[in-house]
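J.: Before I ask anything, here is the structure I am working with.
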Amino acid sequence: MPPDVYHQRVGDLTAFILAGGHSRRMGQDKAFLELGGRTLLDRAMGLASTVAPHVRIVAAQEKFLTIARTIEDVFPDCGPLGGIHAALMGTTTELNLFLAVDLPFVEEDFLRYLIAQASQVSALVTVPEAGQRLQPLCAVYRRDFREAAEQALKKKKNKIDALFVGVETRVITEPEITRMGFFSRMFQNLNTPEEFAAAEKLFGESES
């Protein structure tokens with residue numbers, strides 16, 4: 001278990017829930033799917049609020065109507081990078097946690113560890129690695145990353161990972177994740193009805 005020093009909220013931090021995807025493979029909006037009696041959006045918001053004093057949703061306003069005030073993309077239809085850019089353009093904090101709405105297995109203690117690591121380095125990005133892949137939708141970005149994001153979006157280059165080569169990046173490797181007592185499978189996201197059904201089964205087993 002991580003040290004108690006991580007069990008505190010960072011004041012200069014905003015958390016953003018990326019919920020603007022089209023959910024085409026799922027066949028319905030993932031944000032409003034219920035898992036264990038709570039929507040994925042509610043789960044993500046609740047998790048983020050345990051580690052950050054400010055939590056915002058990044059998505060088209062029409063998608064949420066009166067549920068919440070959202071942050072809309074400056075560069076629409078550019079995937080998650082467009083959402084990250086829009087959030088960083090409007091943030092008032094140096095550190096910014098981004099969490100995809102469809103990551104229900106991410107642990108609170110891991111987010112605290114992630115944020116603590118980000119606060120101790122000058123890197124523009126602090127990102128975990130799992131399954132030999134970076135996890136840019138569960139990462140901390142400093143405000144200045146918006147410049148690299150905007151340059152890429154203007155060139156129609158929407159892949160997030162490709163930008164990490166050109167900026168200082170702190171990678172939390174899979175061995176480090178394991179060493180700190182976490183499991184890399186928590187980054188399993190839900191894209192299809194089959195993946196959601198498997199998640200429902202896991203949540204059912206954990207609550208029985």
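The values are calculated or read from the model by the stated rules, or taken from the named source; none is laboratory data. The model shown is predicted, which means the values in this text are computed figures rather than measured ones. Every residue, glycine as well, gets a Cβ built from its backbone with ideal geometry; the counts of neighbours run over all protein chains shown. The area values use the complete protein model at the heavy-atom level, side chains included, leaving out ligands, DNA and RNA. Shrake-Rupley method; radii C 1.70, N 1.55, O 1.52, S 1.80 Å.
J.: Of these, ALA116, ALA162, ALA148, which one is surrounded by 13 or more Cβ atoms within 10 Å (Cβ to Cβ), within 25 Å of ALA87 (Cβ to Cβ) and without any contact (Cβ under 8 Å) to a residue 60 or more places away in the chain?
T.: The unique qualifying residue is ALA148.
J.: Just the residues that are assigned to a loop (DSSP other than H, G, I, E, B) and either at pLDDT 95 or above or open to solvent by less than 50 Å² (accessible area, probe 1.4 Å) (or both), please, taken from the stretch 75-91.
T.: Keep residues of the stretch 75-91 that are assigned to a loop (DSSP other than H, G, I, E, B), which gives 75-79, 91.
Of everything in the stretch 75-91, those that are assigned to a loop (DSSP other than H, G, I, E, B) and either at pLDDT 95 or above or open to solvent by less than 50 Å² (accessible area, probe 1.4 Å) (or both) turn out to be PHE75, CYS78, GLY79, THR91.
J.: So which residues in the stretch 172-187 are among the charged types (D, E, K, R) and open to solvent by less than 50 Å² (accessible area, probe 1.4 Å)?
T.: GLU176
J.: If you don't mind, another one. Considering ARG170, ARG185, which residue is under 29 Å from GLN117 (Cα atoms) and not in a helix (DSSP H, G or I)?
T.: ARG170
J.: For the stretch 188-196, indicate whether the set of residues that are surrounded by fewer than 21 Cβ atoms within 10 Å (Cβ to Cβ) and of a type in the set (Ser, Thr, Tyr) is non-empty.
T.: yes
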